[in-house]
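What follows is a short report on a single structure.
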Amino acid sequence: MELSTLSLKELGNALRKKAVSAREITGAFLERIKRFNPDLNAFVTVAEEQALAAANEADLRLARGERVTPLTGIPVAVADTICTKGIKTTCASRILENFIPPYDATVVSRLQEAGAVVIGKTNSDEFGAGTTTGYSAFGPVCNPWDKNREPGGDGGAVAVAAGLAPLAISFDTGGNLRRAAAFCGVAGLKPAYGSVSRFGLAALAPSLEQIGPLARQVEDLALLYQVLAGPDPLDATSLPAGAPGRSGQEFTGTAATGRPGLRIGLPREYFAGEELQAEVKDLVLAATGILTEKDGEQVDLSLPSTGYALAAHILLAAAEASSSLARYDGVRYGYRSPEAADIDLLYKKTRTEGFGREAKRRILLGTLVLSAECYGDYYLNAQKVRTLVIREFTEAFTKCDLILTPVTRELPGRAGEEKSPLRQYQDESYTVAANLAGLSGLSVPCGLVDGLPVGVQLLAPAGREDLLFQVARTLEKAVGRFSSPFLRG
Amino acid sequence: MNYETVIGLEVHVELKTEAKVFCGCAARFGAEPNTHVCPGCLGMPGVLPVLNKKAVEFCIKAGLALQCRIAPFSMFDRKQYFYPDLPQAYQISQGDLPLCTGGGLKIVTPGGEEKIIRLNRIHLEEEAGRTYHSGAGATGYSLLDFNRSGLPLIEIVTEPDLRSPAEAKIFLEKLQEILRYIEVSDCKMEEGSFRCDANISVRPAGSQEFGRRMEIKNLNSFKAIQSALTYEANRLGSLLAAGTPPEQEESRGWDETRGMTFFMRPKEKATDYRYFPDPDLPPLVIAEEWVEEIRAGLPELPEEKKARYMEEYGLSAQDADLLGSSRETAEFFEATLRLYSGEVKTVANWVMGEFARLLNLEKLTPIQSKLEPEALAAMLQMIDAGEISGKIAKTVFEEMFYSGKPPREIVAEKGLAQISDESQLVVLVREILAQHPGPVADYRAGKTKALGFLVGQVMKETKGQANPGLVNKLLREELEKLP
Amino acid sequence: MKLEKEEVKRLAELARFELSEEEAAEFSHQLSEVLAYTGQVREAPVEGEKPAIHLLSLTNVLRDDEVKPSLPREEALANAPHREEGFFRVPKILEES
Ligand SMILES: [Mg+2]
Ligand SMILES: [Zn+2]
């Protein structure tokens, strides 16, 4: 049985029918990781021992006929910025190269409670600061559709696309997760702010980021999201059960019914610029056509603050990063420079040697933005822009049910391509607004250009993940499944 | 020329909650290093702060006791700086929206004048870890203990209303008294749970402008506060007198051994702490009802209590102050009063006298001692009933204090009951008169003082157990009967 | 806004890392470009707008004053680069600078 191409449901059925054991499933994916990861570099750490132990545990549960969930015995790849007790968690940074957390992130505990198997820790840019994985301390990740191209900023998307894991969880600070999903031809969700606990996610920009699921199919994405989402007393920014904006988490509506009368908003600003590659634009608009062809409606929208939104996101992400990354000092854990004779040198040498270029750039920018001279002009104005952006989206959602945009401006770039930092930040032009406004954003494949996948982004207000899954499923059904060369293998 | 000293204080007070302010570790002093730490208070990646409700209530409680306005909306900010005892490289604190603003505390100056020291604010923040320095010179190194990291702390900032080191000391003592009274902190300077930084400047008397301000950091005992401020006031005064006022505002330290303040850094070079709102902590919205609930739970404050003692019990200002300034003493005093039907002053005298003496001697607080208000009230009733003498009572009291036994049991065990049996005493009285013809003659010659001597002899003979009033009466009667 | 090389070095000093001359020059150039772009937030029509400091409308997210188990000391210190008798050890701390 070729396990790597099966859906979550198919794997679950095979397990329950005893056609395969959880240990065999995990073993099969571990084999694939061994075979393909040297090429792809999607994983920083493979947790073979712990994964097999968890798989055995799942087999015992199944054998004893105990309560099982759709995730029981299913391997999940976890981003290396998400803390796993007893498993090295580096955040793709040298500064944490040997850090073994004595605690699990809440999402990891939730996965484990559901019986899932944490199979390994996936690569990204250092602390997620970047858009291509080019800033990982452990080398860039390759795009499974073309090894000479960048995969977007997330190794979890690559692991799923290449069949190294059926599912992955990662995080999205400005679009890294959604962009990687688009570039790898998988589905990825940045949940609404507060719907998934951030406890245990090494912070880069705490007011912007959320942990989210990645899967090859929308239905699997929804099932995984259901496990991740929910209130957490360890995260004060996690929405309590029943709070406005917290979805009920029952996504029975993932069937591709084609919702009648669906109003899809198309924000002009996201389609107007010359930087949007024509082939990408065509595919995205085609997707809109598919979704509205029955009795849907396309609503022309304007989100005038779109340009300001990117600027505000750059400033806020940097400001928060400068604060979040200050704790890495070589005192209590992580990398420590061997050369330091006094504490000042310890800080300086450790941080000089421990951080890569983009992390340093953001720390410098953020330190400037929060300084007394710049706070009012830059930080506060950026926060005010955020208010504008939130209001524009709130108004937009009175005119439409969801908003549809491209995920990226172009096809994946050449690996190692030199881009100015500003140009890199602009890679996230279409995705940052969801982080700024705390919206749910789902990236789902909508076609191929030159053998490379293109994604479409669906945005919904907090609490309407059900609608996103439903609409994405409709699209998925229309355009078909996306299998990278590694899966067609 | 005369100079005037102007002082403002920033007082840091550790709150005595059970758990730390943003994590569940125990907030205990004196444990083995790094045994009360978790990923949160060690600043490990991804761990988020969740605010302890009790810490908020204690801060509000302090605010109410100090007449502050409780902010309906307040927020937490990150105060960012690098120091190895600060695990996240930022302290969660409150910037421009603190929990309490304004307020004030009335003190009596050394000159006897009443004066209100205004407060600027009280905010809630977290404590840092502890650093221990080992070795010296090139081989020196430091050790870190994070048990203290994350303890709840309030920072109380005064306006520059204090005019002398003595006033500063009085203010701090008073502040300590109130915070202990409302039971939000132990305020132990020696354990660091109550400590302060002082801003001090000196100007010509009568001037309205402030002189250049010096900030003296980390004053950790009343002695240090008094000495450092006095030293600095004199130093600044001499500079002014010499026509060479300080050129810059400075942060200065206090060298206990040399008895001098020393230059640390100029104030203009003060760190830019790059405060910004902590995205991990939603704001606080304090409803009027919550404030009222906390207010209702406040005990009667020392000031109010003293006024009531004077008014209701007719105690002198001095007595009211002695009884009212410690909550435990006041509670002991009032509990005894409720059980005892005699004079208030009698209870007051025992509490301020013998009880205070023994507590002092044993370094105990009323609650720590074995004496219960019930026992004291019972003993006082026994005196009133003539069952024991006032003198014997001191022995009984001491025994009660150390053993916690009820007075009746002690009296019975030790045979201390007063002899009020007339027929028994009259025999003794006659013997004494026969043994001391001299004083008897003196008395009869009109030297009535001799009676005291004779009473003393009877008391001595009965080991103090004779009822002194009765002895007096019998002696007079027997003396009259003499031929 | 142009961010001079010297300013970049000063910021690095504040953030506690070192930059080579080349890095400082490169960051000066790159960050000046970023600041020129992001400077537009100063021209945004935000008059009278409140900063969106807290994204959710949550307030008073509080926990009870209950002690939870701390880490066993061995685990607390397990990642320490240098430890000594239950403490984290660091090179000497100079007088507050
Ligand atoms: Mg403070
Ligand atoms: Zn803790």
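Here are the numbers for this structure:
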| read-out | value |
| --- | --- |
| Residue within region B:14-21 that is within 16 Å of ligand 1 (Cβ to nearest atom) and over 30 Å from A:T89 (Cβ atoms) present | yes |
| Pairs, first more than 10 Å from every other protein chain (Cβ to nearest Cβ) in region B:133-154, second within 16 Å of ligand 1 (Cβ to nearest atom) and assigned to a helix (DSSP H, G or I), C-beta under 6 Å, six or more apart | B:I154/B:C59; B:I154/B:A62 |
| Strands (runs of 3 or more DSSP E) fully within region A:376-489 counting 3 or more residues that are within 28 Å of A:P240 (Cβ to Cβ) | A:440-449, A:452-460 |
| Residue check for A:E126: within 14 Å of chain C (Cβ to nearest Cβ), farther than 22 Å from A:S443 by Cα and not aliphatic (A, V, I, L, M) | yes |
| Unmet requirement for B:S207, which otherwise passes all of (1) away from ligand 1 (no atom under 16 Å from the Cβ); (2) surrounded by fewer than 22 Cβ atoms within 10 Å (Cβ to Cβ); (3) closer than 26 Å to B:R78 by Cα | (3) |
| Any hit, region B:121-131, residues being away from ligand 1 (no atom under 16 Å from the Cβ), among the polar types (S, T, N, Q) and in contact with a Lys or Arg (Cβ under 6 Å, 6 or more places away or on another chain) | no |
| Single residue of A:L388, A:L380, A:L402 found to be hydrophobic (A, V, I, L, M, F, W, C) and more than 14 Å from chain C (Cβ to nearest Cβ) | A:L402 |
| Odd one out for B:M310 among (1) touching a residue at least 12 places away in the same chain (Cβ under 8 Å); (2) farther than 25 Å from B:A71 by Cβ | (1) |
| Helices (runs of 4 or more DSSP H) wholly inside region B:383-483 that include at least 2 residues being within 29 Å of B:N360 (Cβ to Cβ) | B:390-403, B:407-414 |
| Test set (1) in contact with a Leu (Cβ under 9 Å, 6 or more places away or on another chain); (2) more than 16 Å from ligand 1 (Cβ to nearest atom) - B:E57 fails condition number | (1) |
| Single residue of region B:132-160 satisfying the filter (within 24 Å of the chain's Cα centre (by Cα) and more than 16 Å from ligand 1 (Cβ to nearest atom)) that is nearest to B:F58 (Cα to Cα) | B:E159 |
| Test: B:R130 is in contact with a strand residue (DSSP E or B) (Cβ under 6 Å, 6 or more places away or on another chain), under 29 Å from A:P233 (Cα atoms) and buried (at least 24 other Cβ atoms within 10 Å of the Cβ) | no |
| 1 or more residues more than 20 Å from A:Y425 (Cβ to Cβ) and at the interface with chain B (Cβ under 9 Å from one of its Cβ atoms): qualifying helices (runs of 4 or more DSSP H) within chain C | C:5-14, C:73-77 |
| Residue satisfying condition, being among the hydrophobic types (A, V, I, L, M, F, W, C), without any contact (Cβ under 8 Å) to a residue 24 or more places away in the chain and in a helix (DSSP H, G or I), within set A:A63, A:A54 | A:A63 |
| Among (1) farther than 24 Å from B:K61 by Cα; (2) more than 14 Å from chain A (Cβ to nearest Cβ); (3) assigned to a loop (DSSP other than H, G, I, E, B), the one test that B:P299 misses | (1) |
| Evaluation of B:K370 against (1) assigned to a loop (DSSP other than H, G, I, E, B); (2) touching a residue at least 40 places away in the same chain (Cβ under 8 Å); (3) under 30 Å from B:N467 (Cα atoms) (one fails), failing number | (2) |
| Of residues in region A:343-365 being facing chain B (nearest Cβ under 9 Å) and crowded, with 17+ Cβ neighbours inside 10 Å, the one farthest from A:L422 (Cα to Cα) | A:I343 |
| Every pair of residues 6+ apart whose Cβ atoms lie under 6 Å, when the first sits in region B:85-98 and is assigned by TED's automatic domain parsing to the domain that holds B:L144 and at positive phi while the second is within 15 Å of ligand 2 (Cβ to nearest atom) and modelled with pLDDT of 95 or more | B:A89/A:R327 |
| For B:R163: the one exception among (1) more than 20 Å from the chain's Cα centre (by Cα); (2) more than 30 Å from B:L236 (Cα to Cα) | (2) |
| Strands (runs of 3 or more DSSP E) enclosed by region B:23-118 - at least 1 residues per element that are within 16 Å of ligand 2 (Cβ to nearest atom) | B:90-93 |
| Residues of region A:202-224 classified as closer than 21 Å to A:A241 by Cβ and more than 12 Å from the chain's Cα centre (by Cα), total | 3 |
| Residue count, region A:294-340 (criterion: facing chain C (nearest Cβ under 10 Å) and in contact with a strand residue (DSSP E or B) (Cβ under 7 Å, 6 or more places away or on another chain)) | 4 |
| Those residues of region A:63-83 which are more than 14 Å from every other protein chain (Cβ to nearest Cβ) and of a type outside the set (D, E, K, R), in sequence order | A:A63, A:G65, A:V68, A:T69, A:P70, A:L71, A:T72, A:G73, A:I74, A:P75, A:V76, A:A77 |
| Filtered residues of region A:104-118 (kept if closer than 26 Å to A:Y135 by Cα and assigned to a loop (DSSP other than H, G, I, E, B)) | A:D104, A:A105 |
| Residue count, region A:11-41 (criterion: part of a helix (DSSP H, G or I), of a type outside the set (G, A, S) and either over 26 Å from the mean Cα position of the chain (by Cα) or exposed (fewer than 15 other Cβ atoms within 10 Å of the Cβ) (or both)) | 10 |
| Residue under evaluation B:A26, criteria (1) closer than 26 Å to A:L96 by Cβ; (2) in contact with a His (Cβ under 8 Å, 6 or more places away or on another chain); (3) free of Cβ contacts under 8 Å to residues at least 24 places away in the same chain, criterion not met | (1) |
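Every residue, every condition in (1) more than 29 Å from the chain's Cα centre (by Cα); (2) outside any loop (DSSP other than H, G, I, E, B); (3) in the same structural domain as B:E10 (by TED's automatic domain parsing); (4) of a type in the set (S, T, Y), yes or no:
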{"residue": "B:V202", "(1), (2), (3), (4)": "yes, yes, yes, no"}
{"residue": "B:S207", "(1), (2), (3), (4)": "yes, no, yes, yes"}
{"residue": "B:E232", "(1), (2), (3), (4)": "no, yes, yes, no"}
{"residue": "B:L236", "(1), (2), (3), (4)": "yes, yes, yes, no"}
{"residue": "B:P246", "(1), (2), (3), (4)": "yes, no, yes, no"}
{"residue": "B:T257", "(1), (2), (3), (4)": "no, no, yes, yes"}
{"residue": "B:T261", "(1), (2), (3), (4)": "no, yes, yes, yes"}
{"residue": "B:P282", "(1), (2), (3), (4)": "yes, no, yes, no"}
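The values are calculated or read from the model by the stated rules, or taken from the named source; none is laboratory data. Here the structure is a predicted model, which means the values were calculated and not measured. Every residue, glycine among them, receives a Cβ derived from its backbone with ideal geometry; neighbour counts consider all protein chains shown.
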